[in-house]
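Colleague: Got a structure here, written out as structure tokens. Questions coming.
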Amino acid sequence: MTTARPGLKIEGEQREQLRRRLRELGFDEVRFARVGEEAGGGLREWLAEGMHADMAWMERTADKRAKADLVLPGVRSVIIFGVNYWSGSEAENNFAPAKPQWARYALHKDYHDTIRPGLVAAGRVLEEIAGAAVEDYRYYVDTGPVLERGWAARSGLGFRGKNAMLISKTHGNWLFLASILTRVEIAPDAPLRKSLRPADEGEPAGLLCGKCTRCLDACPTDAFSAPGVVDARRCISYQTIENKGIIPRELRAGIGARIYGCDVCLEVCPWNRFAQKGRQLLLAARYDLADLPLAEILALTPERFAEIFRRTPIMRLKFSGLLRNACVVAGNGGDISMIPALLRLVVHDSAVVRAHAVWAMQRLAGSGAAALLADARARETDDTVLAEHAAG
Ligand code: SF4
Ligand code: SF4
């Protein structure tokens, strides 16, 4: 096994110098945790219950998530970075309540792209201050095999709330997390409370939640199977972003106007009252997306989709995914002026779009839907879409 070379150690004033230099790069929080004998917390139980839905990559990376040494042999420390994306209340931002709702994080250029240069620079600083070589560290923004929320809790950056999110006492629920695993031994920061068990021992959620259950009560689709445990199969974030197929009928009404992701269990958290607007040095806002009218989204062409959403997280959804979600939002909105746009989508190339457009038509047109959908139904060959016609 590769071990840290002697001398790769940082403590005292040198550690604080490292923190200062890293914060200057645009990170709002920089904390340090020591690597121990990780066990992956409740990840294995969560996977065993199938709550990750079809996100098979989570299973594939479970061992590495549970044991940082498998990601970087000889790893000693984790540097956890927080980037605050709180931009003020909806009123301050003029987010239109009647428009489709987007998860706040999505109203930025893809944060993986904007944060990564900061991590590259952070690696250089680590090399300079600790004498580390390039192979002595690895950086990740969210998508790596790293339990970032667990490490963040262990480093005292925050605690894992009953909503399963990392909650900071100073930034609320609004932090992007990133990490550097390193062979440099860095004196660790203390967790928020001495009683906080290490992340690798499976810290129970809700350390500083007290008796609050707002997030659990507010979830529109009852996705919490227990405090701190989200069943992705019922979660709007999963269904509107990760799921590329049919959204279960019983969940569609709960999606409401949420066209991409869901912030309900974050928004209701009382810890947000301490959140300050972020410096946004490693982010690029796209708040203009929140002003897009639903009718314009329903009428998008592939070219216009690529133009509007270029370099945003929404590109992950692909064109048909956004149209699918827009159909669900239209079906929930009760605005019959959407019917002409939906009638164009019931004969769309994508069966997934057609299925949700049929559902939305049935919701908006009621007893008149069958007549309006008769032509589309006669032409339909896909069993899934035919089932939607029949279910109306
Ligand atoms: Fe429920 Fe939304 Fe939170 Fe998912 S993101 S658990 S759907 S409130
Ligand atoms: Fe904890 Fe309440 Fe925040 Fe949920 S809403 S994470 S229960 S403090």
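The values are calculated or read from the model by the stated rules, or taken from the named source; none is laboratory data. No experiment lies behind these values; they were computed from the predicted model shown. Counting neighbours? That spans all protein chains shown, and the Cβs are built from the backbone with ideal geometry, glycine included. What goes into the accessible areas is simple: the full protein's heavy atoms, side chains included, and nothing from ligands, DNA or RNA. Shrake-Rupley method; radii C 1.70, N 1.55, O 1.52, S 1.80 Å.
Colleague: Projecting each Cα onto the charge dipole of the chain (Lys/Arg +1, Asp/Glu -1 at the beta carbon, about the Cα centre), which of Ala371, Ile167, Thr381 comes out farthest on the positive side?
Modeller: The listed residue farthest towards the positive side: Ile167.
Colleague: Another one. For a quick check: with amide H placed at 1.01 Å from N, whose amide H comes under 5 Å from His108's, ignoring anything fewer than 5 positions away on the same chain?
Modeller: Excluding prolines and chain starts, which carry no amide H, the hits are Arg286.
Colleague: From the phi of every residue in the range 282-291, what ³J(HN,Hα) in whole Hz does the Karplus formula 6.51 cos²θ - 1.76 cosθ + 1.60 yield, where θ is phi - 60° and glycine or proline is x?
Modeller: Per-residue couplings from phi come out as 10, 10, 9, 5, 10, 5, 4, 4, 5, 8 Hz.
Colleague: For a quick check: with amide H placed at 1.01 Å from N, whose amide H comes under 5 Å from Arg258's, ignoring anything fewer than 5 positions away on the same chain?
Modeller: Gln101
Colleague: Still on this structure, please answer the following. Provide the packing ranking of 238-247, 318-327, i.e. peptides ordered by the mean count of other C-beta atoms within 10 Å per residue, highest first.
Modeller: Going from most to least packed, we get 318-327, 238-247.
Colleague: Compute the FRET efficiency between Glu13 and Arg304 as 1/(1 + (r/R0)^6), taking r as their Cβ-Cβ distance and R0 = 41 Å, and round to the nearest 0.05. Could the numbers behind the result be given before it?
Modeller: Numbers: r = 54 Å, r/R0 = 1.33.
For R0 = 41 Å, the calculated efficiency reads 0.15.
Colleague: If you take every DSSP beta bridge fully contained in the chain, what fraction is antiparallel? Give it as a percent rounded to 5.
Modeller: So the antiparallel bridges in the chain amount to around 85 percent.
Colleague: What do the square roots of 5 times the Cα gyration tensor eigenvalues come to for the chain, in whole Å, largest first, as semi-axes of the equivalent ellipsoid? Display every interim value, and only then the final one.
Modeller: Values: eigenvalues 360, 86, 77 Å².
Over the Cα atoms of the chain, the ellipsoid semi-axes are 42, 21, 20 Å.
Colleague: Too long at a 22 Å Cα-Cα cut-off: which of Lys99/Lys318; Lys244/Lys277; Lys109/Lys318; Lys169/Lys277?
Modeller: Lys244/Lys277
Colleague: Suppose only helical runs count, i.e. DSSP H with n ≥ 4. What mean residue ellipticity at 222 nm does that imply for the chain under -39500 (n - 2.57) per run, divided by all residues and rounded to the nearest 500 deg cm²/dmol?
Modeller: So the calculated ellipticity at 222 nm is -10500 deg cm²/dmol.
Colleague: At 0.36 nm per residue, and after removing the present C-alpha to C-alpha distance, how many nm does the segment from Ala295 to Ala218 gain when stretched out fully?
Modeller: Working: separation 77, 0.36 × 77 = 27.72 nm, distance 2.82 nm.
So the chain would gain 24.9 nm between Ala295 and Ala218.
Colleague: Could I ask something else about it? Residue by residue through the range 293-301, which ³J(HN,Hα) values in whole Hz follow from phi under the Karplus form 6.51 cos²θ - 1.76 cosθ + 1.60 (θ = phi - 60°), with glycine and proline marked x?
Modeller: x, 4, 4, 5, 5, 5, 9, 5, 9
Colleague: Ignoring ligands, DNA and RNA, what percent of the 1.4 Å accessible area of the range 294-392 is carbon and sulfur?
Modeller: Working: 2380 of 4570 Å².
On the range 294-392, the fraction of accessible area on carbon and sulfur atoms equals 52 percent.
Colleague: Right, next: Please state the charge dipole magnitude for the range 294-392, taken about the Cα centre, from unit charges on C-beta atoms (+1 on K and R, -1 on D and E), reported in debye and rounded to the nearest 20.
Modeller: Dipole magnitude for the range 294-392 comes out near 300 debye.
Colleague: Could you do me a favour and compute the accessible area per residue for the range 294-392, 1.4 Å probe, result in Å²?
Modeller: So the range 294-392 comes to 46 Å² accessible per residue, rounded to a whole number.
Colleague: Return the distance in nm (one decimal) between the two label points of a simple spin-label model at Lys211 and Asp382, each offset 7 Å from Cα along Cα→Cβ.
Modeller: Roughly 5.0 nm, to one decimal.
Colleague: For the range 172-177, just list the computed ³J(HN,Hα) in residue order, Karplus coefficients 6.51, -1.76 and 1.60, θ = phi - 60°, integers in Hz, with x standing in for Gly and Pro.
Modeller: x, 8, 10, 10, 7, 10
Colleague: When ranked by the protection proxy of mean other Cβ atoms within 10 Å per residue, highest first, what sequence do the peptides 176-187, 105-116 form?
Modeller: 176-187, 105-116
Colleague: Give, rounded to the nearest 20 debye, the magnitude of the charge dipole that the chain has about its Cα centre when Lys and Arg contribute +1 at Cβ and Asp and Glu contribute -1 at Cβ.
Modeller: 600 debye
Colleague: Can I ask one more? Kindly sort Met338, Met361 by accessible area of their heavy atoms, largest first, with the probe set to 1.4 Å.
Modeller: Sorted descending by solvent-accessible area, the residues read Met338, Met361.
Colleague: Please list the radius of gyration and Dmax for the range 208-260, considering alpha-carbon atoms only, with Å as the unit.
Modeller: Over the range 208-260's Cα set, Rg and Dmax evaluate to 12.0, 38 Å.
Colleague: On to the next question. At q = 0.10, 0.12, 0.14 Å⁻¹, work out log10 I(q)/I(0) for the range 294-392 with the Debye formula, treating every Cα as an identical point scatterer and leaving solvent out; two decimals please.
Modeller: One equal scatterer on each Cα of the range 294-392 leads to -0.25, -0.35, -0.48.
Colleague: Can you tell me how much longer the chain between Thr143 and Arg273 gets when fully stretched, taken as 0.36 nm per residue apart minus their C-alpha distance, in nm with one decimal? List each step's numbers first, then the result.
Modeller: Details: separation 130, 0.36 × 130 = 46.80 nm, distance 2.83 nm.
Contour length minus Cα-Cα distance gives 44.0 nm.
Colleague: So which DSSP H runs in the chain come out at 15 Å plus along the axis (Cα) with average Kyte-Doolittle of at least 0.0?
Modeller: Taking the DSSP H segments of the chain (at least 15 Å long, mean hydropathy at least 0.0), we get 111-130, 318-333, 351-365, 369-379.
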